[in-house]
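K.L.:
After the C-alpha cells below, expect a handful of questions from me.
The values are calculated or read from the model by the stated rules, or taken from the named source; none is laboratory data. Computed from a prediction, not measured in an experiment: that's the story for all the values here. Ideal geometry is used to build each Cβ from the backbone, glycine not excepted, and the neighbour counts take in all protein chains shown. Just so you know, the surface numbers come from the protein's heavy atoms only, side chains and all, with ligands and any DNA or RNA stripped out. Shrake-Rupley method; radii C 1.70, N 1.55, O 1.52, S 1.80 Å.
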Amino acid sequence: MSYIHFIGGEKGGVGKSLVARVLAPSILLIGASRSRVSTPTNRTARYCASMRIFAAPAVLDRHDSRDPIIEHALEDPQRRILVDLAAQTQQSLGKWLDDADVIGLAQEHGLTLTWWHVMDAGRDSVDLLRQWLDQFGGRVKLVVA
C-alpha cells in the first residue's frame, strides 16, 4: 500500500516545513528507494538531499500539477510520498481532492492519504482546522500538530 502524507495548514510560519523535515526520515526511510518528497520549499529539499532522501520540486498551483503525486503513488504499491505544502494551499488542494475524486481513487487503489494539519494556538488556525474537518473529516486520516 502506498502512503501520501500532506503536510499543510493554511497559516504561514507555524512550522509546516519543520514538521516535514522531522517526519521525512521516519516516514520515508522505511522504503527509502521508493520514497519521494514533493516540496515547494528549498529548505526542505536541501534537508532531504542531506539525508539522501529523494526530493522533487512540486509546483502545486493547478490540478494537473498535482496529478503526478497520485501517479507516483500508483506506480509502486510500497511508495511513501511526503508533500510539504506552502501556506494558503488548503482550499485549492481540497478542490483538487474533490474535483479529481482523489479520495475515491485512493480507496479504489489502496492508497492511504494522511493530512498533517500544522497549526498554532490562534483562532485562525482553529477555524481553518474546522473548515478542513467539515470538508474531509472521516474521509482522510488527520494528524494535528
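K.L.:
Suppose we keep only residues that are at pLDDT below 75 and of a type outside the set (D, E) within region 2-12. Which one would you say is farthest from D120 (Cα to Cα)?
P.N.:
Checking each candidate, the answer is G12.
K.L.:
Return the residues of region 117-145 that are aliphatic (A, V, I, L, M), within 15 Å of G8 (Cβ to Cβ) and not in a helix (DSSP H, G or I); say none if nothing qualifies.
P.N.:
V118, M119, V140, L142, V143, V144, A145
K.L.:
Given I69, I81, which one is open to solvent by less than 30 Å² (accessible area, probe 1.4 Å) and either assigned to a helix (DSSP H, G or I) or of a type in the set (F, W, Y) (or both)?
P.N.:
I69
K.L.:
Quick one: which residue in R52, R36, R43 is of a type in the set (D, E, K, R), open to solvent by less than 50 Å² (accessible area, probe 1.4 Å) and either within 26 Å of G137 (Cβ to Cβ) or at pLDDT below 75 (or both)?
P.N.:
R36
K.L.:
Given (1) of a type in the set (A, V, I, L, M); (2) farther than 25 Å from R130 by Cα; (3) at pLDDT below 75, identify the lone condition not met by L74.
P.N.:
(3)
K.L.:
Can you run down the residue pairs with Cβ atoms below 6 Å, 6 or more apart or on separate chains, where the first is in region 127-138 and surrounded by 15 or more Cβ atoms within 10 Å (Cβ to Cβ) and the partner is modelled with pLDDT under 90 and in a helix (DSSP H, G or I)?
P.N.:
That search, which allows pairs on different chains as well, returns Q135/G94.
K.L.:
Return only the number of the condition from (1) of a type in the set (D, E, K, R); (2) surrounded by 15 or more Cβ atoms within 10 Å (Cβ to Cβ); (3) farther than 16 Å from H5 by Cα that E108 does not satisfy.
P.N.:
Here E108 clears every test but (2).
K.L.:
Same structure again: Checking T114 against (1) open to solvent by less than 30 Å² (accessible area, probe 1.4 Å); (2) in a loop (DSSP other than H, G, I, E, B), which test does it fail?
P.N.:
With (1) open to solvent by less than 30 Å² (accessible area, probe 1.4 Å); (2) in a loop (DSSP other than H, G, I, E, B) applied to T114, the lone miss is (2).
K.L.:
Between a residue in region 106-120 that is touching a residue at least 24 places away in the same chain (Cβ under 8 Å) and any residue that is open to solvent by less than 10 Å² (accessible area, probe 1.4 Å) and hydroxyl-bearing (S, T, Y), which pairs come within a Cβ distance under 7 Å, given they are 6 or more apart or on different chains?
P.N.:
L111/S2; M119/S125
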